[in-house]
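The values are calculated or read from the model by the stated rules, or taken from the named source; none is laboratory data. Just so we're clear, the structure is a prediction, and the values are computed from it rather than from any experiment. Every residue, glycine among them, receives a Cβ derived from its backbone with ideal geometry; neighbour counts consider all protein chains shown.
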Amino acid sequence: MKRSFRYFAALVAFGALAVGMDLPPNHIVTTEWLAKNLGKKEVVVIDTRPKADYKKGHIEGAVNYPKKSFFRGKVGDIPKWLSTPEQVQEMLQKAGVTEKSLVVFASAGKVNKDFADAASGVWNMWIYGLRNGAILDGGMAKWSEEKRPVTTEVPQEAPSDLEIEKVDKSAFASLVDVMEAIYDDKVQISDARVGKFYRGEDKRKDLPRHGRIPTAKLTPVIRYVKKEGNAYVFLSKDEAQKTLYNDGYGVELDKPLIIYCNTGHKARGLWFVATFIAGMKDVKVYDGSMVEYSRSNLAIETGEPMD
């Protein structure tokens, strides 16, 4: 029987899923957890690697949605915008996701920015009201290193009747929100890119102007994982909080935060870290990020910050 989104949201408000399986508070599952629960009808695995890698071998039952699947929206000439409710609903339906599912996103895990692919999936679900997404810590690199089974068989899932009925704006920031935050000491802005972009030293072609948003602190998303063996795994809560704060040069953990990058991809990764690992309460992704901001007439800063 089809259940409404409002009913599902009520379940989430009580901190439990109807599946009878606990969703980890940090929305991270280990390879051990997934191996134990793989095959249960409530567990849906979404592989965010490129199709070519997926075809070489993937977790049994995993559906392939590469990161570009979550950037299919477009506003004017601004590419790589978030996917629409209709697009996300169609993807989740085809994957067999229901209100009772626990959706595990598995990235490659080979380099320190791969987890952002999985975080993008979690964020796309989150802004459309679905709180049942998690990330596989270490991704496919850790799964493979532990010699856990893979398959080349593509699953044939029965489509679900999941419906997306509204947008939750609590994790989404607009250009207007960013403009206001620049002049509001109570709201922080952070840049999830690496230093060359922050300082405006890049030559990225889809950015008409280069540099950073005024008042933004440099908080590269690649700092929040560490290499173990051949895989990158998340830092602990204490490590993530310390890295975010960065001896006072980063962000304050008790103030609202807006995160951006170039396209919103790395920003989604840092949103996941700040929200679920570091435990920050008011974190938003500026999904237009620099591909939108650099097309505006708003100020851009370059070089090293003065303060």
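Quick rundown of the values:
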read-out	value
Residue that is closer than 30 Å to residue 296 by Cβ and either in a helix (DSSP H, G or I) or modelled with pLDDT of 95 or more (or both), where the choices are 68, 55	68
Residues within the stretch 140-162 that are closer than 15 Å to residue 65 by Cα and either assigned to a helix (DSSP H, G or I) or acidic (Asp, Glu) (or both), tallied	2
Set 221, 233, 251, 285: member being under 17 Å from the mean Cα position of the chain (by Cα), more than 21 Å from residue 70 (Cα to Cα) and not assigned by TED's automatic domain parsing to the domain that holds residue 133	233
Count of the stretch 11-52 residues which are small (Gly, Ala, Ser), modelled with pLDDT under 95 and surrounded by fewer than 15 Cβ atoms within 10 Å (Cβ to Cβ)	5
Scan of the stretch 71-88 for residues that are in contact with a Phe, Trp or Tyr (Cβ under 9 Å, 6 or more places away or on another chain) and part of a strand (DSSP E or B), ordered by number	73, 74, 75, 79, 80, 81
Complete set of residues in the stretch 80-102 that are touching a helix residue (DSSP H, G or I) at 6+ places or on another chain (Cβ under 7 Å) and closer than 23 Å to residue 283 by Cα	80, 82, 83, 88
Hey, residue 179 assigned by TED's automatic domain parsing to the domain that holds residue 49 and either surrounded by 15 or more Cβ atoms within 10 Å (Cβ to Cβ) or part of a loop (DSSP other than H, G, I, E, B) (or both) or not	no
Lone qualifier among 270, 298 - being more than 17 Å from residue 115 (Cα to Cα), among the aliphatic types (A, V, I, L, M) and either within 14 Å of the chain's Cα centre (by Cα) or outside any helix (DSSP H, G or I) (or both)	298
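A quick yes/no check of all residues on (1) at pLDDT 95 or above; (2) among the aromatic types (Phe, Trp, Tyr); (3) more than 27 Å from residue 224 (Cβ to Cβ); (4) not assigned by TED's automatic domain parsing to the domain that holds residue 231:
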position: 133; (1), (2), (3), (4): yes, no, no, yes
position: 159; (1), (2), (3), (4): no, no, yes, yes
position: 164; (1), (2), (3), (4): no, no, yes, yes
position: 184; (1), (2), (3), (4): yes, no, no, no
